[in-house]
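Enquirer: Dropping the structure in here first, questions after.
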Amino acid sequence: MEQLPIFLEVKNRPCLVVGGGRVALRKLNHLLASGASAQVIAPEVIDEIQTLADASKITLSLRAFVDEDLDQASLVIAATDNRTLNRTIAGQAKARKLLVNVADQPEDCNFLMPAIIDRSPVVVAVSTGSASPVLARMIRARLESLVPAGYGRLAELCARYRDRVKARFNDQRDRRRFWDRVLQGGVAERVFSGHLEEADQTMERELAIGITDSGKGEVYLVGAGPGDPDLLTFRALRLLQQADVVVYDRLVAKPILAMVRRDARHIYVGKERNHHAMRQEEINALLASLAKEGHRVLRLKGGDPFIFGRGGEEIDTLAAEGIPFQVVPGITAASGCACYGGIPLTHRDYAQSVTFVTGHLKDGSIDLNWPQLAQPHQTLVFYMGLVGLPVIVAKLMEHGVPRDMPIALVQQGTTHMQKVYVGTLTDILAKVEQDPPEPPTLVIVGQVVKLRDKLAWFSANPDPERGATTPILPGD
Ligand code: SAH
């Protein structure tokens, strides 16, 4: 290590910033966030710094730096655009044994300011020893996704309970085991999902139980999005990596399953059309019994669990049995297919509303409010609509939707198998028959489908041979 990483207490201590531009402001903001008493010296400053002075957040002296300015300072930052002046300030500061940092001149610094991830009181600092600030920022960006935003609140909870946990467990090893369980289990999950009161209650329960296994697992009902693993939420990813058992069905994309913790048990529960490997009631019961055995159960669902996902039924059973659970939203197929397919679901001129409906056929018909669906200026999205497509098309026309109404069918949206069929109510069936799509498919009806031709952003490199119905898309 070239330098010693330390966290410095600067609360109410006089810190001097020489310079009044963007770089000075960035460093100043870090000082202020840590409670420093900051003074800025510069003949001129940008508006943001002036605003801080007007709000009495800093002391501002609009003049050139003089050596005496260092008299009161305990830490100095030289951030002027004059390298020689910066060096002189640094030299003076070092002569007085002060801490000094010079922006972009590491050779003049006696301390560096790292890139930080602030989840106060948890702070992660990244330094490349000034080799590459860009690399440090890149590493920071990666860590951002790994350190949930709720870590700060979790650390606060730890601080509140620290003395009680100490009193409860004499043995240091027991204490560590206890904290391990708390920080990776139900308490942490409740904090991350913003349920602070429940987190406290769980903490009380854990304290009462002690270090023996509490025996109670929990269920995470997680939306895995429409296919592209990039569309997972941070929370989904974290739960994927900490679950003991994963219960999934056909809609969950393989690359997403591959991200589940390696040693987790996988249970497939089917859900292929007409090939249910397990009935819904059996799935509900399975989730409950796995949790009762003490497992952290990940129920992974395609898209969003609460949109045609029967998530409501699954948590009904869990709630009835008093099993803790949490539901994590996912990107639903409509959003995924629309964005990756270049079709905005609403548009000021063409559609003021969007309706998600099921196109699932029951006894050859679909029980929907057709007169309402046939109204103009809206977009309709049919889930599970491939088999019933002839019925959907016929019903819409029967209720007065123009025969030339645009319609799109998106096959395996957001994946590398994505394909978009575009037509009108009149010709879509022929197109689909000619080249049968692979499920899952989503049907979008409305004038917004026409925008697909116009939107430059989805066909940056259009191939005239392929035409607008098969543009080059992410995932194509
Ligand atoms: N909960 C899911 C929907 C489950 S219903 C969600 O929020 O997306 C199953 C239907 O979703 C499929 O029949 C299909 O219509 C649609 N679907 C799911 N993923 C899809 C995808 N990647 N591409 C197209 N349609 C998809």
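The values are calculated or read from the model by the stated rules, or taken from the named source; none is laboratory data. The shown structure was predicted, so the numbers you read here are calculated from the model rather than taken from an experiment. Neighbour counts are summed over all protein chains in view; Cβ atoms, including those assigned to glycine, are modelled from backbone coordinates with ideal geometry. Areas reflect the complete protein model, heavy atoms only, side chains present, ligands, DNA and RNA absent. Shrake-Rupley method; radii C 1.70, N 1.55, O 1.52, S 1.80 Å.
Enquirer: In the stretch 91-106, what residues are modelled with pLDDT under 95 and either open to solvent by 40 Å² or more (accessible area, probe 1.4 Å) or within 20 Å of Tyr151 (Cα to Cα) (or both)? Quick ask: steps written out before the conclusion?
Expert: Here is the first cut: in the stretch 91-106, the residues modelled with pLDDT under 95 are 103-106.
Answer for the stretch 91-106, where residues must be modelled with pLDDT under 95 and either open to solvent by 40 Å² or more (accessible area, probe 1.4 Å) or within 20 Å of Tyr151 (Cα to Cα) (or both): Asp104, Pro106.
Enquirer: Now, a different point. Filter the stretch 237-253 for residues that are within 13 Å of the ligand (Cβ to nearest atom) and either out of contact with any helix residue (DSSP H, G or I) (no Cβ under 7 Å at 6 or more places or on another chain) or not hydroxyl-bearing (Ser, Thr, Tyr) (or both) and give the result. Working first, answer last.
Expert: Going residue by residue through the stretch 237-253, those that are within 13 Å of the ligand (Cβ to nearest atom) are 248-253.
Matches in the stretch 237-253: Asp249, Arg250, Leu251, Val252, Ala253.
Enquirer: I'm trying to understand the selection: among the residues of the stretch 204-225, which are modelled with pLDDT of 70 or more and not in a strand (DSSP E or B)?
Expert: The answer is Glu204, Arg205, Glu206, Leu207, Ala208, Ile209, Gly210, Ile211, Gly217, Ala224.
Enquirer: On the phi < 0 side of the Ramachandran plot and part of a helix (DSSP H, G or I): which single residue out of Asp81, Asp69 fits that description?
Expert: Asp69
Enquirer: Counting only residues that are over 20 Å from Val23 (Cα atoms) and not in a helix (DSSP H, G or I), how many does the stretch 86-104 have?
Expert: Selection size over the stretch 86-104: 3.
Enquirer: Please find, among Gly35, Gly20, Gly91, the residue that is in the same structural domain as Pro106 (by TED's automatic domain parsing) and at positive phi. Reasoning before the result, please.
Expert: Working: Gly20 fails: at positive phi; Gly91 fails: at positive phi.
Result: Gly35 is the single residue among Gly35, Gly20, Gly91 that is in the same structural domain as Pro106 (by TED's automatic domain parsing) and at positive phi.
Enquirer: Sticking with this structure for a sec: Please state which of the following conditions Asn101 fails to meet, knowing it meets all the rest: (1) free of Cβ contacts under 8 Å to residues at least 60 places away in the same chain; (2) under 19 Å from Leu4 (Cα atoms); (3) out of contact with any Pro (no Cβ under 9 Å at 6 or more places or on another chain).
Expert: Of (1) free of Cβ contacts under 8 Å to residues at least 60 places away in the same chain; (2) under 19 Å from Leu4 (Cα atoms); (3) out of contact with any Pro (no Cβ under 9 Å at 6 or more places or on another chain), only one is false for Asn101: (1).
Enquirer: For the stretch 394-423, which residues satisfy the criterion of being open to solvent by less than 30 Å² (accessible area, probe 1.4 Å) and either more than 38 Å from the chain's Cα centre (by Cα) or not assigned by TED's automatic domain parsing to the domain that holds Gln372 (or both)?
Expert: Listed by number, the list holds a single entry, Val401.
Enquirer: Continuing with the same structure: Does the stretch 101-120 include one or more residues that are more than 24 Å from Arg296 (Cα to Cα), under 27 Å from the mean Cα position of the chain (by Cα) and of a type in the set (Val, Ile, Thr)?
Expert: Within the stretch 101-120, the first condition is being more than 24 Å from Arg296 (Cα to Cα), and the residues that meet it are 101-120.
From the residues that got through so far, the ones that are under 27 Å from the mean Cα position of the chain (by Cα) too are 114-120.
Next, only the ones that are of a type in the set (Val, Ile, Thr) stay: 116-117.
Yes, there is a match, as at least one residue in the stretch 101-120 is more than 24 Å from Arg296 (Cα to Cα), under 27 Å from the mean Cα position of the chain (by Cα) and of a type in the set (Val, Ile, Thr).
Enquirer: Another one. Could you tell me which residue of the stretch 225-236 is nearest to Glu144 (Cα to Cα), considering only residues that are within 15 Å of the ligand (Cβ to nearest atom) and in contact with a helix residue (DSSP H, G or I) (Cβ under 6 Å, 6 or more places away or on another chain)? Quick ask: steps written out before the conclusion?
Expert: As a first pass, look at the stretch 225-236 and keep what is within 15 Å of the ligand (Cβ to nearest atom): 225-233, 236.
Subsequent filtering for residues that are in contact with a helix residue (DSSP H, G or I) (Cβ under 6 Å, 6 or more places away or on another chain) retains 225-226, 229.
Values: Gly225: 21, Pro226: 24, Pro229: 18 Å.
Once the filter is applied, the top-ranked residue is Pro229.
Enquirer: Do you know which residues across the stretch 184-203 are open to solvent by 70 Å² or more (accessible area, probe 1.4 Å) and modelled with pLDDT under 90? Spell out the reasoning first.
Expert: Taking the stretch 184-203 first, the residues open to solvent by 70 Å² or more (accessible area, probe 1.4 Å) are 184, 195-198, 201.
Scanning the stretch 184-203 gives a single hit, Gln184.
Enquirer: Every residue in the stretch 134-186 that is outside any helix (DSSP H, G or I) and either closer than 28 Å to Val219 by Cβ or among the acidic types (Asp, Glu) (or both), please. Don't jump to the end; show me each part of the working.
Expert: Taking the stretch 134-186 and keeping what is outside any helix (DSSP H, G or I), we get 147-150, 169-171, 185.
Residues satisfying the conditions are Val147, Pro148, Ala149, Gly150, Asp171, Gly185.
Enquirer: Could you check the stretch 294-411 for strands (runs of 3 or more DSSP E) lying wholly inside it with 2 or more residues that are in contact with a strand residue (DSSP E or B) (Cβ under 9 Å, 6 or more places away or on another chain) and within 9 Å of the ligand (Cβ to nearest atom)?
Expert: Working: elements: 296-301, 325-328, 353-358, 378-383, 406-411.
Hits in the stretch 294-411: 353-358, 378-383, 406-411.
Enquirer: Any idea which of (1) open to solvent by 10 Å² or more (accessible area, probe 1.4 Å); (2) not in a loop (DSSP other than H, G, I, E, B) is the one Leu290 doesn't satisfy?
Expert: Of the numbered conditions (1) open to solvent by 10 Å² or more (accessible area, probe 1.4 Å); (2) not in a loop (DSSP other than H, G, I, E, B), the odd one out for Leu290 is (1).
Enquirer: Between a residue in the stretch 288-311 that is farther than 15 Å from Val219 by Cα and any residue that is aromatic (Phe, Trp, Tyr), which pairs come within a Cβ distance under 6 Å, given they are 6 or more apart or on different chains?
Expert: Final answer for the pair search is Phe308/Tyr383.
Enquirer: For Ala73, which of the numbered conditions (1) within 38 Å of the chain's Cα centre (by Cα); (2) open to solvent by less than 40 Å² (accessible area, probe 1.4 Å) fails to hold?
Expert: Single failed check for Ala73: (1).
Here's the yes/no breakdown for (1) at pLDDT below 95; (2) surrounded by fewer than 21 Cβ atoms within 10 Å (Cβ to Cβ):
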{"position": "Leu239", "(1), (2)": "yes, no"}
{"position": "Glu282", "(1), (2)": "yes, yes"}
{"position": "Leu300", "(1), (2)": "no, no"}
{"position": "Gln326", "(1), (2)": "yes, yes"}
